[in-house]
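Contents: one structure, followed by commentary.
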Amino acid sequence: ICVSNVHTTVMSYENPDYLNVQNSADLRIPDGKPLSLVCKKRGFKEASRVTGPELMEELFRIQDLSHYFYGSTEETLEKLKQNLEIKFPNIKIAGMYSPPFRNLDDDEDKKIIDMINKSGADILWVALGAPKQENWMFKHKDKINALMIGVGAGFDYHAGNIKRAPKWMQKLSLEWLYRLFQDPKRLFKRYLKTNFKFIRLVGKENKNGK
């Protein structure tokens, strides 16, 4: 499952290989409010935004599911574990792993696959950032015996490293602005480039009657 937003949508438009990765997913959900608005305009009247953190929370409430967390840092994973066990006392955490911030060789990759599969997890949450997490899931789709869901900063939200925007900002499609205030150095260039490009591309398609 790919949790899609404006950034990943523009990357898909510009990169045929990444477009194939996104289109190969069993499900792509609109994390970004702009995507849900475009869906509505194109006839999917009941389309609504589903963020990564919200999807995680809903699935955490299903007691029969077990969860494995792959990505982020060891510090964040520890915070995540503590917070989840407090908020969801019955949650089943099959395992957690923070991979090295480098390319893995074949032996390392095989050990990680075996580790995840032996855990018996039903859901593998992948937080490597886009496009790395989607590419990783695509590469491992016939190797991992669990439903893989890429959630970007979802670990950071539930670990308490990042705060969600107030509800009124979410409803007005301004959560991106709230995140920008929290992490301007990393996000400014991305938002400046992809947000305006997305608006231009949608406008172009609307003009052509699509």
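The values are calculated or read from the model by the stated rules, or taken from the named source; none is laboratory data. In this text, all values refer to a predicted model and were calculated from it rather than measured experimentally. SASA here: full protein model, heavy atoms, side chains in, ligands and nucleic acids out. Shrake-Rupley method; radii C 1.70, N 1.55, O 1.52, S 1.80 Å.
Annotations for the structure displayed:
- Helix-only CD estimate at 222 nm, as mean residue ellipticity for the chain, using -39500 (n - 2.57) per DSSP H run (n ≥ 4): -16000 deg cm²/dmol
- Set Lys92/Lys118; Lys33/Lys189; Lys40/Lys163; Lys118/Lys143; Lys41/Lys204; Lys33/Lys167 screened for pairs whose C-alpha atoms are more than 18 Å apart: Lys33/Lys189; Lys40/Lys163
- Comparing His67, His140, His158 in a Gaussian network model of the chain (Cα springs below 10 Å), the most mobile by mean-square fluctuation is His140.
- Over all pairs of different C-alpha atoms, the chain has a mean inverse distance whose reciprocal, the Kirkwood radius, equals 18.2 Å.
- 1.4 Å probe accessible area per residue over the range 86-210, in Å²: 63
- Centroid-to-centroid separation of the range 1-73 and the range 110-137 [C-alpha atoms, Å]: 17
- Mean separation of Cα pairs under 8 Å and 6 or more residues apart, divided by the residue count, gives the chain a relative contact order of 23 percent.
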